Amino acid sequence: MRSTHEHGQGGAEAVAEAGTKKDRRIYILSEARPEKAVISLGLPLVAGMFIMVLYNLTDTFFIGMLRDDYQLAAVNLAYPVMMVMIAVSNMIGTGASSLIARSMGAGDTELAEHTLTAGYLLTVVNSATVAAAGLALRNPIVSLLGARSNTFDYTAEYVTVLLIGSLCTMGNFTFGQLLRSEGSVKYSIAGMVAGTAANIVLDPVFIFGFGWEILGAAVATVIGNGVGMLVSISYYVRKKTLLRPSVRYIRPTSQILKEIFWVGVPATLETLLTTAAYVVNNNLAVAYGELTVAAMGIAQKILSIGNYIYQGFAAGNQPLMGYNYGAENYSRMLQVLRAGVRIVSGIELFVMAVFGIFAPKLIRLFTASDVVIRIGAKVLRALMCVLPFVGATSMSRTTFQSMGKPQYAFGITLVRQFFLYIPLLLLLNRRFGFNGLIWAQPVTEVIMMIVSLMLLRRILLGLERRKM
């Protein structure tokens, strides 16, 4: 791929002339104290992610009010379809964001805007492809997800609506990533807030007011994502961003496409592997009864509160690492990584304690079934043990993506999901039954934290030595 310096020489000057609002974003990326930079970019995203927690919990909460545990299970069974959409979105969002951040670090605004435009176009194409393929294969997909006689029709309804609205879901996810790549974190959060608010308002209207039940939950989810997507687009239209898509960049170059897919395809494979593990987990859980699937779904949704904390900091870490990698400031990258791991692990330890103490009460918020509450509390107390460890792994993985080294990021996920988690699910489930099933992930995350941090530290120290 051609050097970012060759693509255009006006990038640094354009940023310098843009005024104090832009200068502050560049200062956070390049000079702010590591702890301040991590918190400045990560904490707003964590706040936004908590809004997304509400998004994920809203359907579960209102469907739970129907007192129909099979519809509750269906929402959980359909979730991998959403994960696949996010996986495909991640291919463009991660690939384009990595190149945009590195280009800005090297002072090449022209290349960054060309990449941004390519990200928009590819999102539209991919969403149409996912919708067409998914609708054509809907019934086999629903069976693969683990739906059985009591949950099949409910799951199929939910999946159909998600597929029809794929552009809303995928556009909301990708366009938020593109905003974050230039440091415009608050703008990306505004889309999250608007979309979640719409979902919360529309869920009871469609589920109870229109009597659509689980179908109404799916429609509200799609509309909410559409609102979030339009809010993100509005910041580009109103020229509030550092970068803007342009018709003069309507045809992406082969170099840009190569770079987007080089970083993005492994990111997609990572999410697909996670989805595969989720499906294996659900299919194993079905053997213990469909109410067990409902209980695990509630526990996993509650755990997403902790998950979104480390994911928020990891997402904030991505433009920070990409910018400094483009500027060849490797020592700052290592300082930022250390600060990020300390901050995230400390917060997650606190969250883990809260989940452990209040597990039954948290599960009771979503169901009145004593069986579901008992199983869900047991699952939540096991899964919460991943939180102090998984954040470090996530930050290491996004750092490799930011550096344009997706082979390492994908390697971490491949080992984590394919060589550790899925085999442990099968082995521990067979050896210890349900207890083995729910403790497979905590065991996996402890091992992966050690491996990923050692690998990233070695690479950053090597880059710093070569620079000297």
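The values are calculated or read from the model by the stated rules, or taken from the named source; none is laboratory data. Not measured: the values here are computed from a predicted model. Cβ sites come from the backbone with ideal geometry, for glycine too, and all protein chains shown count toward neighbours.
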>> Among the residues of region 146-161, are any of a type in the set (A, V, I, L, M, F, W, C) and without any contact (Cβ under 8 Å) to a residue 40 or more places away in the chain?
In response: yes
> Can you tell which of A440, A392, A382 is without any contact (Cβ under 8 Å) to a residue 24 or more places away in the chain and among the aliphatic types (A, V, I, L, M)?
Replying inline: A440
>> Would you confirm, using the coordinates I've provided, whether Y158 is closer than 20 Å to S98 by Cα, hydroxyl-bearing (S, T, Y) and part of a helix (DSSP H, G or I)?
In response: no
>> For region 312-328, give me each residue that is surrounded by 20 or more Cβ atoms within 10 Å (Cβ to Cβ) and not hydrophobic (A, V, I, L, M, F, W, C).
In response: G312, G316, N317, Q318, P319, G322, Y323, N324, Y325, G326
> In region 423-468, what residues are under 18 Å from R338 (Cα atoms) and of a type in the set (S, T, Y)?
Replying inline: S452
>> Please go through region 110-150 and give me each residue that is of a type in the set (S, T, Y) and within 28 Å of T94 (Cα to Cα), ordered by number.
In response: T115, T117, Y120, T123, S127, T129
> Just checking, which of M65, M83 is surrounded by fewer than 24 Cβ atoms within 10 Å (Cβ to Cβ), within 19 Å of the chain's Cα centre (by Cα) and more than 17 Å from M333 (Cβ to Cβ)?
Replying inline: M83
> Failed condition for N56, given (1) assigned to a helix (DSSP H, G or I); (2) under 30 Å from L111 (Cβ atoms); (3) modelled with pLDDT under 75; (4) in contact with a Phe, Trp or Tyr (Cβ under 9 Å, 6 or more places away or on another chain), with all others met?
Replying inline: (2)
>> Can you tell me how many residues within region 352-385 are more than 30 Å from D68 (Cβ to Cβ) and either crowded, with 18+ Cβ neighbours inside 10 Å or in contact with a helix residue (DSSP H, G or I) (Cβ under 7 Å, 6 or more places away or on another chain) (or both)?
In response: 2
>> Can you go through V159, V125 and tell me which one is crowded, with 20+ Cβ neighbours inside 10 Å, more than 26 Å from V46 (Cβ to Cβ) and β-branched (V, I, T)?
In response: V159
